[in-house]
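Trainee: Quick one: the structure is below, questions incoming.
The values are calculated or read from the model by the stated rules, or taken from the named source; none is laboratory data. This is a predicted model, so every value here is computed, not measured. Virtual Cβ from ideal backbone geometry, glycine too; neighbours counted across all protein chains shown.
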Amino acid sequence: MNSVLTTITLQGLMLAFLPAAVVIAILIRWSAGAPTAIYATLRMLIQLLLIGYVLIYIFATDHPGVIVAAMAIMLAVASWIAIRPLQNKQPHLYLNALGAILVCGVLTLVLVSQAVISVQPWFSPRYVVPLAGMIFAAAMNAVSLAADRFQAENEKGTPYAQARRIALRTALIPVVNSLFAVGLVSLPGMMTGQILSGVSPLVAARYQIVVMTMLFGAPGTRPDLNSSLNSEKKTWPLPAHHPTASAA
């Protein structure tokens with residue numbers, strides 16, 4: 001297969017922003033949160049350009065301390081973003097999110113990188129950093145969805161066990177949908193990138209299977225752990241209309 005990857009020109013990169021520009025124009029016309037969309041787009045652009053240079057440094061350094069430090073930063077940022085939708089942000093909620101992502105995230109990363117792919121050396125940045133990014137991002141989204149739904153159910157007076165079950169089911173909706181759609185509706189980014197770089201589609205499919213099971217298993221455990229780390233009375237400040245507020 002042809003292993004030459006076509007380089008995207010600056011003109012081509014600008015053309016790629018046309019669909020985003022159309023959406024932003026619609027948001028502006030409808031007064032539907034255009035500033036947030038513009039900020040998010042600009043932030044995405046800056047972050048990806050900067051991370052390109054950072055990854056060049058990380059790959060060139062090839063030192064375990066640098067890799068561990070990079071993953072620690074990723075964990076810290078992911079945990080903060082995970083609690084962003086919550087109305088009542090408290091330190092213990094951040095620690096709960098951090099603990100959920102850290103415990104299960106590292107275990108999943110070790111399993112995939114060492115037992116499945118057998119990365120050598122264990123800290124190889126070309127494998128460990130992208131895998132950690134996918135795992136932590138999936139966990140971040142799942143914990144965020146679970147925490148937001150768990151808080152909403154708790155404020156409605158839903159029993160703890162039922163609220164936890166609803167939160168876990170909500171957190172798994174995106175990844176379950178992706179399991180149904182992969183290969184039929186979409187080719188995921190990792191598989192597409194490997195095919196574009198000249199890797200056999202069969203080899204790319206194996207890697208994508210590993211990724212999909214990894215992304216399903218990681219969010220499936222983390223939201224439940226995040227909810228379990230909280231007690232029914234200590235997790236969220238109870239509003240005045242909460243049925244148990246007067247008894248607390």
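Trainee: With respect to V66, is the statement that it is assigned to a helix (DSSP H, G or I), within 25 Å of T213 (Cβ to Cβ) and of a type in the set (V, I, T) true?
Mentor: Considered against the rule, which asks whether it is assigned to a helix (DSSP H, G or I), within 25 Å of T213 (Cβ to Cβ) and of a type in the set (V, I, T), V66 comes out as no.
Trainee: Inspect region 104-111 for any residue being under 13 Å from the mean Cα position of the chain (by Cα) and either in the same structural domain as I67 (by TED's automatic domain parsing) or not in a helix (DSSP H, G or I) (or both) and give the result as yes or no.
Mentor: yes
Trainee: Among the numbered criteria (1) surrounded by 18 or more Cβ atoms within 10 Å (Cβ to Cβ); (2) not assigned by TED's automatic domain parsing to the domain that holds E153, which one does T41 miss?
Mentor: It fails just one condition, (1).
Trainee: Still on this model: Residue check: is V119 in a loop (DSSP other than H, G, I, E, B), without any contact (Cβ under 8 Å) to a residue 24 or more places away in the chain and in the same structural domain as G217 (by TED's automatic domain parsing)?
Mentor: So V119 fits the description; yes.
Trainee: Right, another one. Kindly evaluate L95 against the criterion of being in a helix (DSSP H, G or I), touching a helix residue (DSSP H, G or I) at 6+ places or on another chain (Cβ under 9 Å) and modelled with pLDDT of 90 or more.
Mentor: no
Trainee: Something else about it: Could you go through region 110-121 and let me know if any residue there is of a type outside the set (A, V, I, L, M), more than 16 Å from M214 (Cα to Cα) and modelled with pLDDT of 90 or more.
Mentor: Among the residues of region 110-121, at least one is of a type outside the set (A, V, I, L, M), more than 16 Å from M214 (Cα to Cα) and modelled with pLDDT of 90 or more, which makes the answer yes.
Trainee: For the subset of region 73-92 comprising residues that are more than 14 Å from the chain's Cα centre (by Cα) and in a loop (DSSP other than H, G, I, E, B), which member is surrounded by the most Cβ atoms within 10 Å (Cβ to Cβ)?
Mentor: The extreme case among them is L86.
Trainee: Right, something else. Give me the pairs: first residue in region 192-216 and assigned by TED's automatic domain parsing to the domain that holds A139, second residue assigned to a helix (DSSP H, G or I) and aromatic (F, W, Y), beta-carbon distance under 7 Å, and six or more apart or on different chains, which are they?
Mentor: Q194/Y207
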